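The values are calculated or read from the model by the stated rules, or taken from the named source; none is laboratory data. Values in this document were obtained by computation on a predicted structure and should not be read as measured data. Note: ideal-geometry Cβ built from the backbone for every residue, glycine included; neighbour counts use all protein chains shown.
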Amino acid sequence: MIIFNNIIAIFRKELQGYFTSPFAYVVMGIFWLLSGFFFVAILMSPEGIINQIAQRDQLGVPTPPVDVAYEFLRFFLGVMGSLAMFVLPILSMGLYADERKWGTLELLATSPITNWAVAVGKLLGVMTFFSAMIVPLLGLEAIALGAADPSILVTVPLLGHLGLFLMAGAILSLGMFISSLTDKTIVAAILTFALIFSLSLMELVAKSIGGNLGAALEHLSLMKHYTNLVQGVFDTSSLVLFMSYIILGIFLTAQSIESLRFSRR
Amino acid sequence: MISTEPNQSIEVDGLSKIYGTKSAIKDISFTVQTGEILGFLGPNGAGKTTTMRILAGYLPASTGTARIAGYDVHSESMEVRQRIGYLPENPPLYPEMTVEGFLHFVAKIKGVSPGQRSSRVDEVLERCNLTEYRQLQIRKLSKGMKQRVGIAQAIVHDPPVIILDEPTIGLDPKQIIDVRNLIKSLAGQHTIILSTHILPEVSMTCDRVTIINRGKVVTTNTPETLMAELAGGTGYELEIDGNPIEIQKMLQILPGICLVEVASNYGLPGDRSLLRLVCSPGAEPGRDIAAVVVGANRGLYEMRRTRASLEDVFLDLTTKELDVTENKE
């Protein structure tokens, strides 16, 4: 019970921090600006999906019928995934680096609160903030795609957003671990970018290696499972993978803080 | 909140912290009794902060043990953390929080029950003279105010043991007095260890003093004993008129007086003399001295006590240590 209360205390502190910090609003604003831009561009611009399909129809090219709404969603969420890859390290970089900088890690480490509780509370806080960033996109999609014919199943965007949320959780969790290793936010951000980059490469590497190792590596790839969910394929192995990454990040974070105390020499 | 336990002592035994080949502290041992205030005195770099951090559980020691309220700081860290309030060298503050919000947060994570949080926060704001700043964001506070918030967070949960690392740093003289009075008011019900390099702090607030230099304990004792030991006792200086020799003879035979010498009267009017007296340790001959001079119908223009200040003790002990180490090398 105490642990639960501690997690909530940390969670609330983190959330309050986001909503009283101008930096968070800037990040949110830029994200909405860019995602809004992509939304409109992908949907309605001359190179956008609607016009592309329309052109194909006009030219009389024999193509299988296209579910425009579905294709749009797939493409849009794909772009959102890439955009998230840039935004997430910026959200996670300060999680522990700031605490070190302000000296408040010394407060947390000398209070009757476990490292686990702190890590979980922080991750919940940043994931909640990220949700606040992507929930409005659901609204946009509801408006734009509501008029689609054939109408799109509501589970499709929901599943896609769940995938985005879970993938973000995995990246934020690992980013949180990286943040716990340094007191400089910029170093944490750069290392997290590097990590994401290597994880993205993993899928390419996996494909070129092939065979069992390749298949195993591919299975670990965040992007692969994300695209699955975005396509509406719900596979429990995706869920398990994301949760594993999230738990791994929390575990590593707790360990790195704990090692401060246990490194007797 | 934790109810007062019978054992609120701090016991440190053979504590060392080694970084590579260099030792920050070596073989530190001392005890702070329940309800006592111990001053941990040393120059910058002596190892005070390292010791405080080990006691608070933020740093692991390389060897030795430390126990707070009977719990080992390393292996029973959670129990220790529930019983301590800690002010690190730099007060741990969240810049974007308000003073009140921050203290509420600290009260929460220190385990203060929801019903008591508001009253504890109010009380502590009052005690640290922060009530009018309660709604201010911490990043807008001056250094002195931030320091007081730091002290507030160390006591908001009414811990039995309080660890303060340089509590009066950055404060102006009035605030320093307020903080010292606050610390003194906490004694008895709380066990306090405070580290400082400001000497008057120690003689004014602490029951006992541990002097640390270059990572090692030099001595532990009451401030008075240390000062008496060094000076060999206290003394007086008298400014009188008339023939000093007569008075010298009369004072010499008083009980508690070891030595009376007639000092040079440079700077005094021609008919005045300066007498220097050394008293035996523990003696209080002031009343007799005055009685003798006045009884002999002499003018007593000034009578002041002289004693080795803690500064003298400190310098003596820490430079002696320096000589010894340098000779060894």
Going through the range A:102-114 one residue at a time, which ones are in contact with a Gly (Cβ under 9 Å, 6 or more places away or on another chain) and either away from chain B (no Cβ under 14 Å) or in a helix (DSSP H, G or I) (or both)? A:Ala109
Exactly one of these conditions fails for B:Gln153: (1) under 18 Å from B:Ser203 (Cβ atoms); (2) at pLDDT 95 or above. Give me its number. (1)
Kindly check whether there is at least one residue in the range A:55-64 that is touching a residue at least 60 places away in the same chain (Cβ under 8 Å), surrounded by 12 or more Cβ atoms within 10 Å (Cβ to Cβ) and closer than 24 Å to A:Val79 by Cβ. no
Might you let me know whether the range A:5-28 holds any residue that is within 14 Å of chain B (Cβ to nearest Cβ), free of Cβ contacts under 8 Å to residues at least 24 places away in the same chain, of a type outside the set (A, V, I, L, M) and in contact with a strand residue (DSSP E or B) (Cβ under 9 Å, 6 or more places away or on another chain)? yes
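How about the range B:17-135: which helices (runs of 4 or more DSSP H) wholly inside it have at least 1 residues that are among the charged types (D, E, K, R) and closer than 26 Å to B:Gln175 by Cα? Quick ask: steps written out before the conclusion?
Values: elements: B:48-56, B:77-81, B:99-109, B:114-127.
So the answer is B:48-56, B:99-109, B:114-127.
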Can you tell me which residue among A:Ala117, A:Ala84 is surrounded by 15 or more Cβ atoms within 10 Å (Cβ to Cβ) and either basic (Lys, Arg) or within 14 Å of chain B (Cβ to nearest Cβ) (or both)? A:Ala117
For B:Phe105, all conditions in the list (1) over 21 Å from B:Thr191 (Cβ atoms); (2) touching a residue at least 24 places away in the same chain (Cβ under 8 Å); (3) crowded, with 16+ Cβ neighbours inside 10 Å hold save one; what is the number of the exception? (2)
For the range B:85-121, give me each residue that is facing chain A (nearest Cβ under 7 Å) and over 24 Å from A:Lys101 (Cβ atoms). B:Gly111
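Residue-wise test of (1) in contact with a Ser or Thr (Cβ under 7 Å, 6 or more places away or on another chain); (2) surrounded by fewer than 15 Cβ atoms within 10 Å (Cβ to Cβ).
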site	(1), (2)
B:Lys216	no, no
B:Leu238	no, no
B:Asn265	yes, no
B:Pro269	no, yes
B:Cys279	yes, no
B:Ile289	no, no
B:Asn297	no, yes
When the residues of the range B:222-263 are filtered to those that are assigned to a loop (DSSP other than H, G, I, E, B) and at negative phi, which remaining residue is modelled with the lowest pLDDT? B:Thr234
Mind listing whichever residues of the range B:57-83 are more than 23 Å from the chain's Cα centre (by Cα) and small (Gly, Ala, Ser)? B:Ala61, B:Ser62, B:Gly64, B:Gly70, B:Ser75, B:Ser77
Just a yes or no: is a residue in the range A:124-146 closer than 23 Å to A:Ile8 by Cβ, within 14 Å of chain B (Cβ to nearest Cβ) and either touching a residue at least 12 places away in the same chain (Cβ under 8 Å) or not aliphatic (A, V, I, L, M) (or both)? yes
